[in-house]
Amino acid sequence: MTKIRKKIEILVDAPLLRRIRDLAEECGVPGYTVLPTLGGGGRQGRWLDDQVTGGAGTKVVFATVVGDRVADRFLTAVKPLIDEYGLMVTVYAVEVLRDNGD
């Protein structure tokens, strides 16, 4: 009844979101969700979305659920951006009830 898919989440600076979205579409990602963030901390220190910088410091989470082939294409396309832009990319195995057809 369920299908195993990969959920990919990318924590990304808002100005870079368009590039991530375009890569996703080029790789055949059929759909995605963009989630707002409030703040966090990590290797590059703490950050807080204070809306003072006009969005330059704002981070969002780009999330998608796809099959293995699309996931591999998308992750390969995103890989060069990970170190360049300090992206946090997580991949989970998930079960879905509705198959997105990829």
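The values are calculated or read from the model by the stated rules, or taken from the named source; none is laboratory data. The structure displayed is predicted, hence computed values, not measured ones. Cβ sites come from the backbone with ideal geometry, for glycine too, and all protein chains shown count toward neighbours.
Would it be correct to say that residue 87 is at pLDDT below 95 and not polar (S, T, N, Q)? In short, yes. Residues in region 78-95 that are more than 12 Å from the chain's Cα centre (by Cα) and in a helix (DSSP H, G or I): 80, 83, 84, 85. Do we have residue 53 as hydroxyl-bearing (Ser, Thr, Tyr), at pLDDT below 95 and in contact with a Lys or Arg (Cβ under 6 Å, 6 or more places away or on another chain) here? Answer is no for this residue. The C-beta contact set for region 60-88 (first residue over 20 Å from residue 5 (Cα atoms), second residue assigned to a helix (DSSP H, G or I), distance under 6 angstrom, 6+ apart or interchain) comprises 60/14; 60/17; 85/16; 87/81. All of (1) modelled with pLDDT under 95; (2) under 20 Å from residue 84 (Cβ atoms); (3) surrounded by fewer than 17 Cβ atoms within 10 Å (Cβ to Cβ) hold for residue 46 with one exception: (2).
Scanning region 56-76 for residues being modelled with pLDDT of 60 or more and farther than 24 Å from residue 91 by Cβ gives a total of 1.
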